[in-house]
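Computed from the coordinates by the stated procedures, all read-outs in this text should not be read as laboratory data. Just so it is clear, the model here is predicted, and its values are computed rather than measured. Ideal geometry is used to build each Cβ from the backbone, glycine not excepted, and the neighbour counts take in all protein chains shown.
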Amino acid sequence: MSYNAWFQCINGCPGQYSLLEIIYRCPTCGDLLEVRHDIDALKTRAAGAWIKLFDDRVGQNVYPYGSGVWAKKEWVVPFIDNENVVSTCEGHTNLFWANRYGKQLHVEDLWVKQCGNSHTGSFKDLGMTVLVSVVNQMIANGEPIDAVACASTGDTSAALAAYGAAAGIPTVVFLPRDKVSPAQLVQPLANGALVLSLDTDFDGCMAAVQEVTKHKHIYLANSMNSLRIEGQKTISIEIVQQFDWEVPDWVILPGGNLGNVSAFGKGFLMMYDLGLISKLPRICVAQAENANPLYLSYLTNFEHFEPVTTRKTLANAIQIGNPVSIRKAIASLQRFNGVVEQKTRGEKGDSRPRASGRDLDRQWPEIRRSENRVSRWHAARYPEHFTKPAR
């Protein structure tokens, strides 16, 4: 069976565009695009057959199916040639049982999905393998792409530079001056990227890279390019797979540029539409109080959204006041009956030693299993949206 995928406007404007076309926004309304799959074709394989295929590929040495992303190739970019896939065997990250930390939070059977256990140290590898592989396919097809570029606070630039180096494709990264740690800066430099330090914040760097990539010889690698989302959605599939195809009650994740919000939702929706799961989780996004535009919009029931001027956050990657994926994130939260919380610098700082003193060297999103259900938490206190578990 032949499977297919294409770009389409998130607002439903007419038109389908090849994933091998250099296009980032809808030509009609100017909004973002998303990748759509031929679900009817995917339904010709039974849900049980998809589960068996994905389970059989775990630990496989046949390239590229040993990757946690490319093990789901038919659901990602089904038509790409295997020889053009650029992979570092990303994905298949540990789902860690944080028993002691869970007891401290009075959350029974607490689990942590350690997405940072990856080639460059962040989940960004999952999206970048897809984007760089598609660029590699485009170049093989004769497309005159000279480089791939991104704006970053560190992790995106590290992932782009690493995968670009693996493919032999030049990379350019725009970083906000004095807002990136040495550990994050060394990776793009070591992998040969052209690193530009700008006297602005991430939002300013994002504006600059969008201007530069209007020239089609330089390809845009930020998450407004929906190819990244196709890789990151496999986190949802992997979590369910690691729990023997059980579904979390809650998925809670941090919110910066907000690409992962729609990515997580998309992974769950594909499993639901194709019959691999029979229910959907709720989604909660946690933002820093100093960079909280989604949270402020949530307080208005998403009727209004205004970018904010950020203040310093403990995690650089979430210090974003005008996230490019805001429309996708809101749509995903509404579809999953989602909520948004914020955390102060003090609360974030207090949570670190408590996690480090138990099972973890840093705090990650957590998962709780009980009564055949899985709940995902990311707070040391219980927001009003949640029911505190019985002790």
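The table that follows gives values for the structure above.
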{"item": "³J(HN,Hα), Karplus 6.51/-1.76/1.60, whole Hz, each residue of the stretch 281-297, x for Gly, Pro", "result": "x, 9, 10, 10, 10, 9, 10, 6, 4, 7, 8, 10, x, 5, 4, 5, 5"}
{"item": "Rough spin-label spacing in nm, given labels placed 7 Å along Cα→Cβ, for Leu314 and Tyr63", "result": "4.2 nm"}
{"item": "Under 9 Å, Cβ to Cβ, from Leu42 - net charge with Lys/Arg +1 and Asp/Glu -1", "result": "-2"}
{"item": "Relative contact order (percent, whole number), the chain, Cα cutoff 8 Å, 6+ residue spacing", "result": "16 percent"}
{"item": "Placed amide H near Ile277: partners under 5 Å, 5+ positions off or other chain", "result": "Tyr272"}
{"item": "Neighbourhood charge, 15 Å Cβ-Cβ cut-off, centred on Glu211 and excluding it, Lys, Arg +1 and Asp, Glu -1", "result": "+2"}
{"item": "Flagged links, alpha-carbon separation over 27 Å, of Lys73/Lys124; Lys52/Lys233; Lys52/Lys328; Lys124/Lys179; Lys72/Lys179; Lys43/Lys214", "result": "Lys52/Lys328; Lys72/Lys179; Lys43/Lys214"}
{"item": "Of every Cα-Cα pair in the stretch 122-226, the percent that sits beyond 17 Å", "result": "45 percent"}
{"item": "Spin-label proximity, Arg327 to the stretch 214-249 - amide N less than 15 Å from point 7 Å beyond Cα toward beta carbon", "result": "224-226"}
{"item": "Separation between Cα centres of the stretch 157-177 and the stretch 44-66, rounded to whole Å", "result": "30 Å"}
{"item": "log10 of Debye I(q)/I(0), alpha-carbon scatterers only, for the stretch 54-121 at 0.22 Å⁻¹", "result": "-0.91"}
{"item": "Stokes-Einstein D (µm²/s) once Rh is taken as the Kirkwood radius of the stretch 1-124 over alpha-carbon pairs, at 25 °C in 0.890 mPa s", "result": "141 µm²/s"}
{"item": "For the stretch 251-268, Karplus couplings with θ = phi - 60° (6.51, -1.76, 1.60), whole Hz, Gly/Pro x", "result": "10, 10, 9, x, x, x, 7, 6, x, 5, 4, 6, 5, 4, x, 5, x, 5"}
{"item": "The stretch 12-69: radius of gyration and largest Cα-Cα distance (Dmax), Å", "result": "16.4, 44"}
{"item": "Environment charge of Ile10, counting only residues whose C-beta is closer than 9 Å and scoring Lys/Arg +1, Asp/Glu -1", "result": "0"}
{"item": "3J(HN,Hα) from dihedral phi, the stretch 159-164, Karplus parametrisation 6.51/-1.76/1.60, rounded to Hz, x for glycine, proline", "result": "5, 4, 4, 5, 6, x"}
{"item": "Dimensionless Rg over Rh [the stretch 167-278; C-alpha; Kirkwood]", "result": "1.06"}
{"item": "Equivalent ellipsoid semi-axes, the stretch 137-198, via Cα gyration tensor eigenvalues times 5, rooted, Å", "result": "23, 11, 8"}
{"item": "FRET efficiency, 1/(1 + (r/R0)^6) with R0 22 Å, evaluated for Leu196 and Lys216 via beta carbons", "result": "0.65"}
{"item": "Cα-Cα P(r), the chain, percent of pairs per 20 Å interval", "result": "28, 62, 10, 0"}
{"item": "Other-chain or far-sequence residues with amide H under 5 Å of Phe96's (modelled H)", "result": "Val112, Lys113, Gln114"}
{"item": "Two-decimal Rg to Rh for the stretch 205-249 - Kirkwood Rh, Cα set", "result": "1.27"}
{"item": "Under-5 Å amide H pairs with Val339, H placed in peptide plane, nonlocal only", "result": "Ile283, Cys284, Val285"}
